[in-house]
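Rule-based calculations on the coordinates, nothing more; no lab input. Keep in mind that what you see is a predicted model, and the values were worked out from it rather than measured. Don't worry about glycine lacking a Cβ; one is built from the backbone with ideal geometry, like all the others, and counts go over all protein chains shown.
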Amino acid sequence: MEGLDFLFDLKSLGIEYGTLAMFALLFGLLLVGIPLAYVTLLVALIFAIGWFGPAAVPLITSRVYSFVSSFVFVSVPMFVLMAALLDRSGIARDLFDAMKLIGGRVRGAVAVQTIFVAVILAAMSGIIGGEIVLLGLLALPQMLRLGYDRNLAIGVICAGGSLGTMIPPSIVLIIYGLTANVSIGDLFTAAFIPGFMLAGFYVTYVLVRCWLKPSLAPTPEPDPRPLSEKLTLLKGIILPIMVVIFVLGSIYGGIASVTEASAVGVAGVLLSTVIRGEFSLKMLKGAALQTLSTCGMIVWIGIGASALVGVFNLMGGIDFVSGLLTGVSENPTVILLVMMAILFLLGMFLDWVGIALLTMPIFVPVVVELGYDPVWFGVLFAMNMQVSFLTPPFGPAAFYLKSVAPKEISLGNIFQALVPFICLQILAVGLLIAFPGITGR
């Protein structure tokens, strides 16, 4: 009984120990293996009742409603559906074949071509899981067959496939915009150059490494195919480029909102499958079910995180943590680096959706108080999440590739191959901090 009395009198702990108890319970339950969405909801319920009493439970439902009722959230299932349709069609395969002609006879051309394909796929859907699996099926066997260094091939696929985090229309930026109450159109505009800058880092790294150490990649053989066949292959790039132009062009041109542009993108990909003769009700059903599964996960994590942050805010926890952060140093840059370090550490263990929904309501007010632009910080957050996709022990990019990689390639091999690309991502984060003007803000 005494234990139960303690449970329902958590307020006696005070905000300092209450915050410690909340996060200890949160990570303890996660280590047991309970999904993040259920953990956050359970912890929110325990602290709502224990801190305020049973009357506080309706506060949780009001927080949940405000999250799921946002109109912009409609764009998330639309972009996920685009990715699911791409996954089931031959568009990515034909795009990869067409890009062979652009690579030419440069050493490392197939690796560079893979990064270009990754950029176009990222600009079509903004989802990383499907990209890495597709590139793992298309590019990895070809690079290994041609004699490319295994580590280089693995790194290019995982790093390139993760570009959907940065390159608009990024789902990461959409979720950030929802939690930080920032214009998603502004986020897309600000992320455009940094996203392509990171892709440029990857291309430069591949070309320089292959030039310094020619054994990493063979020199491409001349293409014996006639010109007419090459022109036919180039058709594979037309439809994807048109979809990208319609989606991003309508956003940047001010013709459509992000939500409307996402619907345009789905229509474009569906029309592409019809033109290519690939459309079927079975394919549409499979893509819809995959979309429901993915979005269900995002919504449940969002519900749990919104409830937890709402309760924590009412406890006075957000003000407490903000005070801790601003008390670290009088130098705003030091405080910013501390936040980046926290996000980096969380990225090793948590999904980016949970990180965004749990930390941004705390971090963004601090960022604004320090005089930084929340749009610029959103791009910085997305770049930081790029790193989390590759870092062990739970870097999702490695697990996505492992699901389609040859058996002789272990997770250890994959993580080892990702080290140079993680360094490039950290360099990109550093450049964004040192030169905020890269985002145009």
**Study point:** Where labels lie 7 Å past Cα in the beta-carbon direction, separation of residue 252 and residue 314 in nm
**Key:** 4.5 nm
Review point. In nm, to one decimal, how far is the modelled label at residue 292 from the one at residue 404, with both set 7 Å along Cα→Cβ?
Key: 2.5 nm
Study note, to complete from the structure: Contour minus Cα-Cα span, residue 142 to residue 21, at 0.36 nm per residue, comes to 38.4 nm
Practice item. Sorted from largest down, give the three principal axis spans of the alpha carbons of the chain, whole angstrom values. Key: 81, 48, 44
**Study point:** the stretch 289-441: radius of gyration over Cα atoms, expressed as a fraction of 2.2 N^0.38 Å
**Key:** 1.16
Check your understanding: Taking H as built 1.01 Å from N, whose amide H comes closer than 5 Å to the amide H of residue 404, not counting residues under 5 places away?
Key -> none
Check your understanding: Can you run phi through the Karplus equation (6.51, -1.76, 1.60; θ = phi - 60°) for the stretch 238-253 and list ³J(HN,Hα) in whole Hz, with x for Gly and Pro?
Key -> 5, 5, x, 5, 5, 4, 4, 4, 5, 5, 6, x, 5, 6, 5, x
Study note, to complete from the structure: Measuring from the longest principal axis of the C-alpha atoms of the chain, the long axis of helix 374-390 (C-alpha) lies at a number of degrees, nearest 10, equal to 70 degrees
Point to revise | Backbone HN-Hα couplings from phi across the stretch 416-431 [Karplus 6.51/-1.76/1.60, Hz, Gly and Pro as x] | key: 5, 5, 7, 4, x, 6, 4, 4, 5, 5, 5, 4, 5, 4, x, 5
Check your understanding: Which FRET efficiency value, to the nearest 0.05, is calculated for residue 31 and residue 342 with the Förster distance at 25 angstrom and r the Cβ-Cβ distance?
Key -> 0.85
Point to revise | Only Lys, Arg (+1) and Asp, Glu (-1) charged, at Cβ; the chain dipole about Cα centre in debye | key: 1520 debye
